[in-house]
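Values in this text are rule-based calculations from the coordinates and carry no lab data. Note that the structure is a prediction, hence the values are computed from the model and not measured. Every residue, glycine among them, receives a Cβ derived from its backbone with ideal geometry; neighbour counts consider all protein chains shown.
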Amino acid sequence: MTTLKAKCILKNKFWIVEKDKERIGTLSWDEDRYVFSNTEETSFFNNKSEVKKKFGIEIHWDDPEIVNNTDKDIHGYPTSVVPYNSMYDVQRKLPLFTKSQKSKSLYAAGYYIIRFEAGWVKSFCPKLITVERYEFKGPFKTSIEMKQELSLANAS
């Protein structure tokens, strides 16, 4: 029996869409609509029933309460781990954290693009020292925002 499952990655924001346990694309919530994308297409939907209509079968959505990413957010920006010693650098407008209670290495929460000698690259939760040494843009709350900014940076 064919089933679609929207596997929650970021609560109420980002899902991996699987068909019979095989990844067929991603689904994200972008302010006012759902965006489905894979290697062949990008589609936009106003609600879950439109998504269901597109695929013609029921989609099983992960219970968002199972995935608790609020423990991994700092000031609304996602992190890769449960953060410790969270703070906000007002001058640089950066949400910062450490990965353990005793760590002295600071990381910047969220998505960024960083300009190295070879060009702009994507980064998720880079070390603070990296964003201090190189030109960067961010933080962004979603990878979609970051990818849009990366496209603009590479175009110029």
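Find the Rg to Rh ratio for region 1-119, where Rh is the Kirkwood radius over alpha-carbon pairs and Rg uses the same atoms.
1.07
Take S86, S28 and order them by how many other Cβ atoms sit within 10 Å, fewest up front.
The order, fewest Cβ neighbours first, is S86, S28.
Only helical DSSP H runs with n ≥ 4 go in: add -39500 (n - 2.57) per run for the chain, normalise by residue count and round the 222 nm mean residue ellipticity to 500 deg cm²/dmol.
Value at 222 nm, helices only: -5000 deg cm²/dmol.
Under 16 Å between alpha carbons, and skipping anything fewer than 8 positions from K19 in its own chain: which lysines qualify?
K5, K7, K52, K53, K54
Show which lysines lie in cross-link reach of K104 when reach means a straight Cα distance below 26 angstrom and same-chain residues fewer than eight apart are skipped.
K72, K93, K122, K127, K137, K141
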